[in-house]
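These notes are about the structure you will find just below.
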Ligand SMILES: NC(=O)c1ccc[n+]([C@@H]2O[C@H](COP(=O)([O-])OP(=O)(O)OC[C@H]3O[C@@H](n4cnc5c(N)ncnc54)[C@H](O)[C@@H]3O)[C@@H](O)[C@H]2O)c1
């Protein structure tokens with residue numbers, strides 16, 4: 001079996017995924033990097049400034065790890081050229097953009113894979129198993145609280161903070177959790193109403209153009225309180241606090257809450273069913289899923305079922321798993337835990353939620369994927 005020849009398009013903070021697929025002689029290797037920054041890759045491969053300089057006939061697969069606003073154009077060009085393409089989440093920054101990527105994959109018959117690595121995160125898989133076991137009955141509601149303690153460093157000091165490049169955090173960051181909510185609930189959002197604010201980071205006047213540098217260069221876990229952050233992106237017009245209610249097409253009602261100035265950084269889900277409730281305590285190694293389903297009580301820290309989450313429950317567990325699945329899919333196709341249509345549905349819900357938020361909470365419908373397109377991927 002010859003190595004799958006992979007181009008890495010965007011070698012920034014997320015570029016470490018490249019090292020997970022560079023296995024010369026073992027089935028896959030990176031053969032080129034495309035990045036206008038012209039970074040030095042950890043492997044001896046040519047670096048191109050633009051996709052125009054890459055001979056697409058010389059690559060079998062690509063990882064698109066560039067900023068969100070570039071995904072649509074880059075993915076369409078790669079897919080149209082017949083390249084099996086991994087696109088980091090979010091698939092695109094608009095609903096129409098996401099639909100155009102799906103259509104390009106279908107029209108070219110190329111393999112599209114979207115990087116929703118939370119579907120490979122052990123704590124999410126453990127929650128799915130609890131639901132599938134019937135332990136909480138039929139899912140009625142999913143509530144996710146997302147404490148983005150590193151938000152100041154991760155999202156307010158570069159392109160993420162500019163809505164022209166990310167749309168907003170309900171799409172940029174929320175796409176992960178909206179997708180997980182859909183996956184746990186077995187439906188897709190059909191209507192949203194959202195509220196939000198730029199209440200803390202908007203007041204910080206110390207701004208800096210950090211072109212040429214990357215997030216790890218400025219990350220400082222010691223910055224506290226959040227108002228002490230300096231060097232924010234020159235444009236900061238996204239929200240640092242957002243709350244959205246989601247109505248799913250199967251009757252499930254969900255809520256997603258995201259704050260970028262909490263002291264802690266983790267996600268807390270609860271899923272309420274007709275016969276019980278589950279909740280995750282922690283989302284990394286050492287975390288546990290608790291289930292209460294034996295009867296009524298007041299607050300009771302001891303649960304009726306406690307499922308320890310496997311020790312590799314962090315990005316480090318999800319990322320090798322998603323890369324392995326992409327390589328297998330790029331080579332041979334077949335079923336995957338992630339889904340292009342689900343990735344599009346997460347974009348659609350996050351996009352419409354952002355419109356709602358910026359329109360005072362107006363109820364917004366979330367358009368479904370064109371049925372023919374959905375059927376193709378289904
Ligand atoms: N799945 C996850 O858990 C996860 C985590 C972090 C980031 N992401 C996603 O990964 C993507 C990259 O994020 P990041 O934090 O690495 O960003 P980054 O800013 O650190 O790196 C982006 C890189 O892409 C390059 N780039 C810009 N325009 C380009 C173009 N037209 N062609 C090729 N390269 C280009 C930049 O020069 C930079 O080196 C984003 O879409 C982000 O949402 C996903």
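Can you give the FRET efficiency for residue 220 and residue 5, using 1/(1 + (r/R0)^6), R0 = 45 Å, r = Cβ-Cβ distance, to the nearest 0.05? FRET efficiency, residue 220 to residue 5: 0.70.
Fewest-first ordering of 253, 131, 204, 181 by other beta carbons within 10 Å of each residue's beta carbon gives 253, 204, 131, 181. Please determine, in degrees from 0 to 90 and to the nearest 10, the orientation of helix 68-80 with respect to the longest principal axis defined by the Cα atoms of the chain, where the helix direction is its Cα long axis. For 68-80 against the chain, the angle is about 60 degrees. With contributions of -39500 (n - 2.57) from each DSSP H run of at least four residues, the per-residue ellipticity at 222 nm computed over the chain stands at -9000 deg cm²/dmol. Across 22, 260, 176, mean-square fluctuation computed from a Gaussian network of the chain (C-alpha pairs under 10 Å connected) peaks at 22. Multiplying the residue separation of residue 237 and residue 73 by 0.36 nm and removing their Cα-Cα distance gives an extension gain of 56.7 nm. Fewest-first ordering of 219, 156 by other beta carbons within 10 Å of each residue's beta carbon gives 219, 156.
Protection proxy ranking of 64-77, 139-152, by the mean of other Cβ atoms within 10 Å over each peptide's residues and highest first, is 64-77, 139-152. For the residues 198, 278, 232, a GNM of the chain with alpha-carbon springs under 10 Å puts the largest fluctuation on 198.
In the chain, the longest principal axis of the Cα atoms and the axis of helix 95-108 are about 50 degrees apart.
Distance between the C-alpha centres of the stretch 152-201 and the stretch 67-120: 18 Å, rounded to the whole angstrom.
The angle separating the long axis of helix 174-185 from the principal Cα axis of greatest extent in the chain is about 60 degrees.
Counting neighbouring Cβ atoms within 10 Å and putting the fewest first, the residues 205, 85 line up as 205, 85. Available extension along the chain between residue 37 and residue 375 is 117.8 nm, counting 0.36 nm per residue and deducting the alpha carbon span. Once the C-beta distance of residue 305 and residue 274 is scaled by a Förster radius of 22 Å, the resulting FRET efficiency is 0.85 to the nearest 0.05.
Between the beta carbons of residue 103 and residue 255, assuming R0 = 41 Å, the FRET efficiency works out to 0.80 to the nearest 0.05.
Taken together, the values in this text are just the output of simple stated rules run on the coordinates, not laboratory data. If you're wondering where the values come from, they're calculated on a predicted model, not measured in any experiment. Reconstructed Cβ throughout: ideal geometry from the backbone, glycine too, with neighbour counts over all protein chains shown.
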